[in-house]
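These notes concern the structure reproduced below.
Readers should treat all values here as calculations from the given coordinates under stated rules, not as data from a laboratory. This one's a predicted model, so the numbers in the text were calculated from it and none came from an experiment. Note that we place each Cβ from the backbone using ideal geometry, even for glycine, and neighbour counts take in every protein chain shown.
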Amino acid sequence: MSEFRVAGFRRRFPALRSCHRNEAPYAPAIYLDNAATTHRPDAVIEATRDFYTYTNANVHRGLYRLADEASERFEAARTTIAQFFGMPSDSELIFTSGTTDSLNIVANGFAQTVLDHRSEIWISPFEHHANLVTWQQVARKSRATLRKLPTDPWGLVDPTALEKELSSSISPLKIVCLKHVCNVLGTIQDIQNLCRVISKNGAVSVIDGAQAPAHVELDLSSLGADFYATGAHKMYGPMGIGALIARRDRLEQISPFRYGGNMISSVTFESTEFAEVPARFEAGTPNAAGAVAWAAAIDFLREYRRADLHAHEHRLAEEATTGLESLLGVKVLGCGLKAPIVSFVVAGVHPHDIAGWLDQKGVAVRAGAHCCHPMMAALGQVGTTRASFAPYNTLSEVSALVQGVSEALRKFRL
């Protein structure tokens, strides 16, 4: 992607435009925390405003024109999102409040249905708390055994090692939980091969896909995952909306654990018959505006060649890595195939001090354990400073990051 096209892409994001706020000039920060959440393009903001202005009604309830229009837009959004992820049927996509909510639906749904003292839950210490803590707590309640996945020092799971472990297990139910892209190191798991091994050994795969959609071309119909949890806000969509995407037969294996309106077929005083998938997992009023805005984010992405977007953000990450590693005492963590996430540590300087100094220079990065305390223990770190990139970032912003870290070294080492 040329610099001119980067400039055109960047202009689509209101949060990145200089403007006047409260009658004073406002210059946006150099935003390098895209792994936490991306900014939203104008199309997503307009879709949200448009829904509440012209189609503001609760979906799947009213018998009037406005409610019908709202329901149609909501279900059309489901179709758009399912197609983006390569799913042949939009009935295999459940709307949730985000990746964390999606993982909880699977974990608690299995806990109510099939988990017991004979079950095994395989997970690594490199997982995000949303995945690790959820399964840790469910294992305690169900008396299932929590087992550690075989990983290399950077958290990558070797399919051969995994096959050896799973094939030797005699558990009647094995659940393997993995994140597709590491939110700390940017490393990308070989999910397709891992899912093949998991399926071959009669286990169930649960994939945390929070970081993947913005950086990896996804075709879930061929990926082979049983459950794939993801969300909108790291791929230019709104906060508060996500999806659990799964094979229908797997969805029918788990029980809903939230109850309310719109997820029932019939109710008597004594008993309830639940609705078909996906409605049975969507209790209460859904985030319909969020779904419509997420579909708008996907339509926005389709205006660009994904290969161009990925090439540019990878160049940014490579330039940042090279620049940071040229500084004495700075170490960039991770190796291999990576998303545009650069986590680094500075000998003798706390990550919070680096991030605080960069903030004073107008550079926004993330610092700390990144919701991955066991990972930090495995890496032997208290935390890292993380810069994560999107296609609207520029090479001049990378230079500002490296210059800011260089200045921080001089300041904090005095």
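So the values come out like this:
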read-out	value
Residue-count net charge about Leu16 - beta-carbon cut-off 12 Å; Lys, Arg +1, Asp, Glu -1	+3
Mean separation of Cα contacts under 8 Å (6+ apart) over length of segment 337-414, as relative contact order %	40
Total formal charge among the other residues, if their Cβ is under 13 angstrom from that of Leu173, Lys/Arg +1 and Asp/Glu -1	+2
Extension gain from Met239 to Ser169, taking 0.36 nm per residue of separation minus the Cα-Cα distance	21.2 nm
Cβ-defined net charge surrounding Ala111, 11 Å radius [Lys, Arg +1; Asp, Glu -1]	+2
Farthest toward positive dipole pole in segment 46-301 [+1 Lys/Arg, -1 Asp/Glu at C-beta], among Ile207, Leu63, Ala279	Ile207
Counting DSSP beta bridges with both ends in segment 46-301, the antiparallel % (nearest 5)	50
Cα-based Lys pair tally, the chain, threshold under 21 Å, eight or more apart or on separate chains	15
Residue order, fewest to most surrounding Cβ atoms within 10 angstrom, among Phe13, Phe412	Phe412, Phe13
Calculated Rg/Rh (Cα atoms, Kirkwood Rh) (choose from (1) 1.06; (2) 1.04; (3) 0.99), label	(3)
Mean-position separation - Cα centroids, segment 248-282 and segment 380-412, in angstrom	48
Distance between segment 96-125 and segment 340-363 - C-alpha centres, whole angstrom	35
Euclidean distance of C-alpha centroids, segment 141-186 and segment 8-64, integer Å	38
Zone residues, segment 279-312, relative to Ser89, backbone N less than 16 Å from point 7 Å out along Cα-to-Cβ	279-281
Given charges at beta-carbon only (K, R positive; D, E negative), |dipole| of segment 46-301 in Debye	720
Compactness index (Cα Rg / 2.2 N^0.38 Å), segment 1-157	1.46
Computed [θ] at 222 nm, helices only, for the chain once each DSSP H run of length n ≥ 4 contributes -39500 (n - 2.57)	-12500 deg cm²/dmol
Backbone N under 14 Å from the Thr145 label point (7 Å along Cα→Cβ), restricted to segment 158-184	165-175
Per-residue Cβ neighbour rank within 10 angstrom, fewest leading, Met375, Met239, Met87	Met239, Met87, Met375
Extension gain from Glu23 to Ser326, taking 0.36 nm per residue of separation minus the Cα-Cα distance	104.9 nm
